[in-house]
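K.L.:
Questions regarding the structure given below will be posed in turn.
The values are calculated or read from the model by the stated rules, or taken from the named source; none is laboratory data. Every value quoted in this text rests on a predicted model; they were computed, and no experiment measured them. Every residue, glycine among them, receives a Cβ derived from its backbone with ideal geometry; neighbour counts consider all protein chains shown. Protein only, heavy atoms only, side chains kept; ligands, DNA and RNA dropped before computing areas. Shrake-Rupley method; radii C 1.70, N 1.55, O 1.52, S 1.80 Å.
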Amino acid sequence: MSDRFLLAEPLPVETPPVEQGRLFHNADDAVAALTRLYDAAVDFLLQSFDTVLKYGSADRRYRAFYPEIALTTTGHTRIDSRLSFGFVSGPGHYATTITRPDLFGDYLHKQIEQLIHNHGQPLRIGHSDTPIPLHFAFPEGTYVDGSQAERLGMPLRDIFDVPDLAATDDRIVNGNFEPAPGEAWPLAPFTAQRVDYSLARLSHYTATSPRHFQNFVMFTNYQFYIDEFAAMARRFMAEGGHGYESFVEPGNVVTPAGETSAGSGVSPARLPQMPAYHLTRADGSGITMVNIGVGPSNAKTITDHVAVLRPHAWLMLGHCAGLRNTQALGDYVLAHAYVREDHVLDADLPVWVPVPPLAEVQVALEKAVADVTGLEGYDLKRIMRTGTVATIDNRNWELRDQTEPVERLSKSRAIALDMESATIAANGYRFRVPYGTLLCVSDKPLHGELKLPGMATAFYKRQVAQHLEIGIRAMQSLAEMPHEKLHSRKLRSFFETAFQ
């Protein structure tokens with residue numbers, strides 16, 4: 001009878017050779033080492049998976065580990081106080097796990113180069129003790145027949161490591177991380193498993209590969225902007241590219257510069273939840289545009305995942321309700337403060353945390369409005385107002401008794417209302433990604449000024465094209481700015497990771 005309760009002996013674990021680490025004095029060799037270690041680990045898992053499926057069973061567990069970058073310092077190195085990243089804050093042992101060096105090669109090279117330069121000592125690169133989940137080892141676009149795994153005589157998780165939620169949280173960026181005794185302080189804002197999780201989600205939500213995402217990202221809440229962006233991008237490609245090398249649409253449909261039709265990819269049968277479109281440059285300084293739809297939940301979801309790509313800036317470009325009688329339909333709103341009533345970030349970033357305007361982004365947006373409209377100085381106030389944007393999670397707030405919400409909006413000095421902007425700005429603040437908001441007034445519900453059916457089409461045709469051009473000019477201006485200047489110290493907390 002007692003035999004029924006005997007626990008099975010754990011399976012022996014097979015791993016590829018584990019390297020404890022070597023010191024590297026330059027970024028080229030360090031990135032090459034990371035690539036070699038990662039590729040070998042992934043190949044081991046994939047070959048082991050094929051073996052298990054072939055025989056339908058396993059007499060051992062297969063495990064491979066993420067590579068790791070580590071730095072140990074014993075002194076308080078004096079760092080250029082103007083920098084916001086590229087150094088550790090004091091003596092100690094620091095480390096981070098690494099995934100997809102093929103995707104993050106340029107980023108890793110920059111971070112490693114700065115660390116070695118600023119601290120004057122090498123970095124140690126070897127295997128970590130964090131297993132790579134089998135799910136994240138498969139190449140992008142891999143299809144695995146679930147029925148094959150179901151024929152195994154034991155659960156797949158008994159043979160391979162699977163994603164661990166304890167390793168995919170945001171404790172580092174939220175400032176809640178406390179290392180256990182003997183554990184290293186983090187070098188990067190995200191662990192490798194957290195990055196892998198978001199890379200998979202990005203493909204799912206946007207129907208494009210993460211490798212197409214650019215370092216300058218625009219989010220919108222209306223398809224009209226996407227239609228205009230796509231039309232402009234196709235025109236650019238037909239005319240030689242205008243400085244961009246390709247245009248990528250959902251399904252990884254790629255139109256190269258100089259062509260009028262796609263050269264690869266297959267359009268999906270239906271658009272994904274948040275389709276992404278990319279005007280690409282070889283160095284990643286192009287522009288990605290994502291239609292996030294309506295609401296703070298989508299706004300948080302997409303920025304949670306885009307953040308692991310470490311973009312240099314993101315903007316919200318969309319429509320809003322104007323709250324002042326002096327505003328007209330088509331006027332612009334440049335947010336310099338936010339009222340956050342979206343509630344989706346309350347647990348991660350309390351509402352008492354201010355989300356400040358970033359001078360570099362504000363100046364780029366204001367200059368772009370002036371350049372495109374031909375107005376400047378005091379005349380620019382005719383069509384653009386700078387002030388507080390309120391973001392709420394109730395689309396039909398007008399159907400309530402308006403006394404209390406209108407009083408709160410007035411006290412906050414809000415000039416516009418939407419459902420996404422504060423969420424995107426707050427997540428930019430949380431993830432240390434420079435952010436900004438430029439909205440266009442499309443209705444004035446407090447003053448009974450709504451678009452009539454015929455007015456809507458004309459309004460969108462006229463205003464969306466101009467608004468989009470402003471956003472693109474602002475992004476191009478930010479792309480020309482040195483990264484050290486764009487990534488403001490304003491977004492850095494008391495303890496920060498060395499990686500941007």
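K.L.:
With the requirement that a residue be at pLDDT below 90 and closer than 28 Å to Pro356 by Cβ, what does the range 446-469 give you?
P.N.:
Leu446
K.L.:
Still on this structure, I have one more. Within the range 77-114, can you find the residues that are part of a loop (DSSP other than H, G, I, E, B) and closer than 12 Å to Leu34 by Cβ?
P.N.:
Ile98, Thr99, Arg100, listed by residue number.
K.L.:
If you check Ser442 against the conditions, is it surrounded by fewer than 24 Cβ atoms within 10 Å (Cβ to Cβ), in contact with a Phe, Trp or Tyr (Cβ under 9 Å, 6 or more places away or on another chain), at negative phi and at pLDDT below 95? Please lay out each step first, then the result.
P.N.:
On the way: surrounded by fewer than 24 Cβ atoms within 10 Å (Cβ to Cβ): yes; in contact with a Phe, Trp or Tyr (Cβ under 9 Å, 6 or more places away or on another chain): yes; at negative phi: yes; at pLDDT below 95: yes.
Yes; evaluated as a whole, the condition is true for this residue.
K.L.:
What is the residue count in the range 379-427 for residues that are open to solvent by less than 50 Å² (accessible area, probe 1.4 Å) and assigned to a strand (DSSP E or B)?
P.N.:
Selection size over the range 379-427: 12.
K.L.:
Of these, Gly153, Gly182, Gly175, which one is over 26 Å from Val18 (Cα atoms) and open to solvent by 70 Å² or more (accessible area, probe 1.4 Å)?
P.N.:
Going through Gly153, Gly182, Gly175 in turn, just one is over 26 Å from Val18 (Cα atoms) and open to solvent by 70 Å² or more (accessible area, probe 1.4 Å): Gly153.
K.L.:
I would also like to ask the following. Scan the range 396-423 for residues that are in contact (Cβ under 8 Å) with a residue 40 or more places away in the chain, in contact with a Pro (Cβ under 9 Å, 6 or more places away or on another chain) and hydrophobic (A, V, I, L, M, F, W, C) and report the count.
P.N.:
Result for the range 396-423: 3.
K.L.:
Within the range 461-494, can you find the residues that are over 11 Å from Phe85 (Cα atoms), part of a loop (DSSP other than H, G, I, E, B), open to solvent by 50 Å² or more (accessible area, probe 1.4 Å) and of a type outside the set (S, T, N, Q)?
P.N.:
If the condition is that a residue be over 11 Å from Phe85 (Cα atoms), part of a loop (DSSP other than H, G, I, E, B), open to solvent by 50 Å² or more (accessible area, probe 1.4 Å) and of a type outside the set (S, T, N, Q), then Glu480, Pro482, Phe494 are the ones that fit.
K.L.:
Still on this structure, I have one more. Based on what the data block shows, is Thr130 under 24 Å from Tyr62 (Cα atoms), open to solvent by less than 60 Å² (accessible area, probe 1.4 Å), in contact with a helix residue (DSSP H, G or I) (Cβ under 7 Å, 6 or more places away or on another chain) and among the β-branched types (Val, Ile, Thr)? It would help to see each step written out before you state the result.
P.N.:
Numbers: under 24 Å from Tyr62 (Cα atoms): yes; open to solvent by less than 60 Å² (accessible area, probe 1.4 Å): yes; in contact with a helix residue (DSSP H, G or I) (Cβ under 7 Å, 6 or more places away or on another chain): yes; among the β-branched types (Val, Ile, Thr): yes.
Here the answer is yes, as Thr130 does meet what is asked.
K.L.:
Given the structure, is Val339 over 18 Å from the mean Cα position of the chain (by Cα), more than 23 Å from Arg462 (Cβ to Cβ), among the aliphatic types (A, V, I, L, M) and not in a helix (DSSP H, G or I)? Lay out the reasoning, then the answer.
P.N.:
Values: over 18 Å from the mean Cα position of the chain (by Cα): yes; more than 23 Å from Arg462 (Cβ to Cβ): yes; among the aliphatic types (A, V, I, L, M): yes; not in a helix (DSSP H, G or I): yes.
Here the answer is yes, as Val339 does meet what is asked.
K.L.:
So, one more: Name the residue, out of Arg270, Arg201, Arg211, that is open to solvent by 10 Å² or more (accessible area, probe 1.4 Å) and modelled with pLDDT under 95.
P.N.:
Working: Arg201 fails: modelled with pLDDT under 95; Arg211 fails: modelled with pLDDT under 95.
Selected residue: Arg270, the only one of Arg270, Arg201, Arg211 that is open to solvent by 10 Å² or more (accessible area, probe 1.4 Å) and modelled with pLDDT under 95.
K.L.:
Still on this structure: Taking the conditions exactly as written (touching a residue at least 60 places away in the same chain (Cβ under 8 Å), under 25 Å from Arg194 (Cβ atoms), surrounded by fewer than 21 Cβ atoms within 10 Å (Cβ to Cβ) and not basic (Lys, Arg)), does Gly330 satisfy them or not?
P.N.:
No, not satisfied.
K.L.:
Quick check on the range 142-149. Is at least one of its residues buried (at least 17 other Cβ atoms within 10 Å of the Cβ), of a type in the set (Val, Ile, Thr) and either modelled with pLDDT under 95 or farther than 30 Å from Tyr94 by Cβ (or both)?
P.N.:
No, there is no match, as no residue in the range 142-149 is buried (at least 17 other Cβ atoms within 10 Å of the Cβ), of a type in the set (Val, Ile, Thr) and either modelled with pLDDT under 95 or farther than 30 Å from Tyr94 by Cβ (or both).
K.L.:
Against the condition more than 16 Å from Glu484 (Cβ to Cβ) and either out of contact with any Ser or Thr (no Cβ under 6 Å at 6 or more places or on another chain) or surrounded by fewer than 15 Cβ atoms within 10 Å (Cβ to Cβ) (or both), how does Thr72 come out, does it pass?
P.N.:
Judged against the criteria, Thr72 is a match.
K.L.:
Identify all residues within the range 77-88 that are in contact (Cβ under 8 Å) with a residue 40 or more places away in the chain, within 17 Å of Leu123 (Cβ to Cβ) and either surrounded by fewer than 16 Cβ atoms within 10 Å (Cβ to Cβ) or charged (D, E, K, R) (or both); write none if there are none.
P.N.:
If we filter the range 77-88 for residues that are in contact (Cβ under 8 Å) with a residue 40 or more places away in the chain, which is where we start, we get 77, 82-88.
Right, trim to within 17 Å of Leu123 (Cβ to Cβ) and you get 77, 85-88.
Selection gives Thr77 alone.
K.L.:
When you check Asp50 against the structure, is it exposed (fewer than 12 other Cβ atoms within 10 Å of the Cβ), modelled with pLDDT of 85 or more and either outside any helix (DSSP H, G or I) or among the hydroxyl-bearing types (Ser, Thr, Tyr) (or both), yes or no?
P.N.:
The answer is no for Asp50.
K.L.:
Output the residues belonging to the range 191-231 that are out of contact with any Lys or Arg (no Cβ under 9 Å at 6 or more places or on another chain) and of a type in the set (A, V, I, L, M, F, W, C).
P.N.:
Those that are out of contact with any Lys or Arg (no Cβ under 9 Å at 6 or more places or on another chain) and of a type in the set (A, V, I, L, M, F, W, C): Ala200, Leu202, Ala207, Phe213, Phe216, Val217, Met218, Phe219, Ile226, Phe229, Ala230, Ala231.
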